[in-house]
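J.: Take this structure, written in structure tokens, and hold onto it; I'll ask about it next.
The values are calculated or read from the model by the stated rules, or taken from the named source; none is laboratory data. Only a predicted model underlies this, so the values are computations on that prediction, with no experimental measurement involved. Note: ideal-geometry Cβ built from the backbone for every residue, glycine included; neighbour counts use all protein chains shown. The protein model used for the area step is the full one, side chains on, heavy atoms only, and it has no ligands, DNA or RNA in it. Shrake-Rupley method; radii C 1.70, N 1.55, O 1.52, S 1.80 Å.
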Amino acid sequence: QMQPVASGGGSAQAGGSLRLSCEGSEFTLPRFCWGWFRQAPGKERDQVATINKDGATHYADSVQGRFTISKDDARKSVFLQMTNLDPEDTAMYYCAEDFADQSGSCTALAEDGTWGAGTQVTVSS
């Protein structure tokens, strides 16, 4: 496909876990950055986690210690392990990939990344 595709969303109770997967686009160029973003109704899209080419990760304060981002370069895939879920985590989750940012910071991913359809995560109390 031409865009990354997120999957693995669903419903969970507070304190539960979900694992999201993202199949990258068909392009074989190296990914400098992968990232997960989420957007709840009426809110802006927020960055959840990023991982760069070397495996360095960054997390939003709200998910630090609960979510883990990882990648598999051979399979052109990125994952988000979500634990201790909270109703505030309810959102549509999107993954993005970047082929050009060589800084290693992944700060431009939100604006310059390649995006696809998201997967819904719903966490109930």
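J.: Mind checking which of Thr107, Gln64, Val121 is farthest towards the positive end of the chain's charge dipole, using Cβ charges of +1 (Lys, Arg) and -1 (Asp, Glu) about the Cα centre?
T.: Val121
J.: Using a 1.4 Å probe over the heavy atoms of the protein chains, calculate the carbon and sulfur portion of the accessible area of the stretch 7-125 as a whole percent.
T.: 46
J.: Here's something else I'd like to know. Are there trypsin sites (Lys or Arg not before Pro) in the stretch 22-125 that DSSP puts in a loop and that have at most 16 other Cβ atoms within 10 Å, and which ones?
T.: Counting only loop positions with at most 16 other Cβ atoms within 10 Å, the trypsin sites (Lys or Arg not before Pro) in the stretch 22-125 are Lys43, Arg45, Arg66, Arg75.
J.: While we're looking at this one, here's another question. Restrict the search to the stretch 1-84; then list the GluC sites (Glu not before Pro) that DSSP places in a loop and that have at most 16 other Cβ atoms within 10 Å of their Cβ.
T.: For GluC sites (Glu not before Pro) across the stretch 1-84 that sit outside H, G, I, E and B with at most 16 neighbouring Cβ atoms in 10 Å, the list reads Glu26, Glu44.
J.: Whenever you get a sec, line up Asp61, Asp89 from highest to lowest accessible area (probe 1.4 Å, protein heavy atoms).
T.: Values: Asp61 145, Asp89 0 Å².
Ranking Asp61, Asp89 by accessible area, largest first, yields Asp61, Asp89.
J.: Here's another thing I want to ask about it. Could you report the chain's accessible area per residue, 1.4 Å probe, as an integer in Å²?
T.: 52
J.: Given Cβ point charges of +1 (Lys, Arg) and -1 (Asp, Glu) and nothing else, what value in debye, to the nearest 20, does the dipole of the chain about its Cα centre take?
T.: Details: 10 positive and 16 negative charges, 62 e Å.
The calculation lands at about 300 debye.
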